[in-house]
1. What number goes with the only condition from (1) in contact with a strand residue (DSSP E or B) (Cβ under 6 Å, 6 or more places away or on another chain); (2) open to solvent by less than 10 Å² (accessible area, probe 1.4 Å); (3) under 28 Å from ALA185 (Cα atoms) that ARG265 does not pass?
2. What are the pairs, 6+ residues apart or on separate chains, where a residue within the stretch 307-327 that is at positive phi has its Cβ under 6 Å from a residue that is of a type in the set (Phe, Trp, Tyr) and open to solvent by less than 20 Å² (accessible area, probe 1.4 Å)?
3. Give me the residue from the stretch 260-313 that is in a helix (DSSP H, G or I) and among the β-branched types (Val, Ile, Thr) and, out of that set, nearest to the chain's Cα centre (by Cα).
4. Could you list all residues from the stretch 93-119 that are closer than 21 Å to LEU248 by Cβ and without any contact (Cβ under 8 Å) to a residue 40 or more places away in the chain?
5. Return the total of residues in the stretch 207-228 being surrounded by 23 or more Cβ atoms within 10 Å (Cβ to Cβ) and more than 26 Å from PRO184 (Cα to Cα).
6. Out of the residues in the stretch 239-259 meeting the condition of being charged (D, E, K, R) and open to solvent by 40 Å² or more (accessible area, probe 1.4 Å), tell me which one is farthest from the chain's Cα centre (by Cα).
7. Go through the stretch 184-205 and give me each residue that's of a type in the set (A, V, I, L, M, F, W, C) and closer than 22 Å to CYS293 by Cβ.
8. With the structure loaded, tell me whether LEU319 is open to solvent by less than 30 Å² (accessible area, probe 1.4 Å), more than 16 Å from PHE19 (Cβ to Cβ) and touching a helix residue (DSSP H, G or I) at 6+ places or on another chain (Cβ under 9 Å) or whether it fails that test.
Amino acid sequence: MKISKISVRRLQIPLRLRFEQSNSRAAYSDSTIVEINTGNNLIGYGESCPRPYVTGEDFVTVSRDIHDVADLLKQTAFKSIEDIRECVTVVLPRHMGPAAVCAVELALLDAWSKETGTPMAAALGATLPARVQYAGVVPLRSPEGAAQLMALMRHFAFKDLKLKIDANLDANLARIDAVRAVFPAHIPLRVDVNCAWSWDDAIRHIPALLKKGIWVIEQPFPTGQDADAARLQRHFGDDICLMADESLTTPATARHLLQQQACRRFNLKVSKHGGIFNTLSIYRMARAQGITCQLGAHFGETSILTAAGITLAAMAGPLTAMEGGLGTHLLEYDLVQPSLQIDAGGAILLGGEREGWGVEENIYV
């Protein structure tokens, strides 16, 4: 497969509900879409969600980095999936950040699948399940706003949930009560701090969270405070499970977290790790050290990244949770028709395998 043209677009889709967490808020999605034209006039589509507070990337840096490697990609003959894997795990990380690598990888895989007429899962040696169960994610709201949001989320039969919280203990306990008024205690609930705590915040919060039956705590401290996370995990021992997110991006950061024993769970995201192959490498590294993993999602992902996440999950082993899959429940429109999104049971039912990620031409609204 030869590449004749590479295009990069910024895609900002209005959200049906404002998304907010302690380190960001948005009323629009913010994706980078890469289009790769092959010599046979096929187009491969890829997506990433660059987040400055995660990988330090944004649309400007991703677009620039992809432009800088365009000639290199055009000069490369991709004769196999292994050629794509080598490109995105060895060559491209020398020139660009993970979000840029992800968008290029997914576009290359989409183009390869279409070019060879091979369903995506088969091309990657994966077997897709018939059904994928997703967890619900509750954005940060005031306690009153959380109660209002629960009136909408009660229509989905989620089997587990994640609640976004901040450093206000009283407000966080009220948010938990709002969730529990709809989803009772037998439904597991974990919290995501998104870097908002100090050490004193953590020491004050965790005993109160444990009394509420919450023991999985995601990214309590800002990136760079892995030693504090390790100290916190040791302080509470087996009573808690810290999960890394913003501090976990590349294989190098994964190795550092493992060496520091800074957490007991990884929140993997295809976009922030540089695509499927790099995410799979981090997953295997974690599992070899006894670290469990879940598959997360950036808010506002289109069905391209949802499909990529499902494929990644099929290639990996056990995951503690799957997040995302919201499609047009959250987005005003999607790039795949029909949108790949959860049903009332909080699950995505998969039909037969198909070529590529399911994106057709003339996709932009």
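The values are calculated or read from the model by the stated rules, or taken from the named source; none is laboratory data. This one's a predicted model, so the numbers in the text were calculated from it and none came from an experiment. Here the Cβ is made from the backbone with ideal geometry for all residues, glycine too, and neighbour counts use every protein chain on show. SASA here: full protein model, heavy atoms, side chains in, ligands and nucleic acids out. Shrake-Rupley method; radii C 1.70, N 1.55, O 1.52, S 1.80 Å.
1. For ARG265, the failing item is (2).
2. GLY325/TYR134
3. Taking the stretch 260-313 as the starting set, the residues that turn out to be in a helix (DSSP H, G or I) are 260, 270-273, 276-288, 303-313.
Now restrict to residues that are among the β-branched types (Val, Ile, Thr): 270, 276, 279, 282, 304, 306, 310-311.
On the way: VAL270: 5, ILE276: 11, THR279: 10, ILE282: 14, ILE304: 12, THR306: 9, ILE310: 11, THR311: 13 Å.
By that ranking, first place goes to VAL270.
4. Passing the criteria: ARG94, MET96.
5. 1
6. The first filter runs over the stretch 239-259 and keeps only residues charged (D, E, K, R), leaving 239, 245-246, 255.
When the remaining residues are screened for being open to solvent by 40 Å² or more (accessible area, probe 1.4 Å), the result is 239, 255.
Values: ASP239: 26, ARG255: 19 Å.
Among those that are charged (D, E, K, R) and open to solvent by 40 Å² or more (accessible area, probe 1.4 Å), it is ASP239.
7. ILE187, LEU189, VAL191, VAL193, CYS195
8. Numbers: open to solvent by less than 30 Å² (accessible area, probe 1.4 Å): no; more than 16 Å from PHE19 (Cβ to Cβ): yes; touching a helix residue (DSSP H, G or I) at 6+ places or on another chain (Cβ under 9 Å): yes.
For LEU319, the condition - open to solvent by less than 30 Å² (accessible area, probe 1.4 Å), more than 16 Å from PHE19 (Cβ to Cβ) and touching a helix residue (DSSP H, G or I) at 6+ places or on another chain (Cβ under 9 Å) - is not met.
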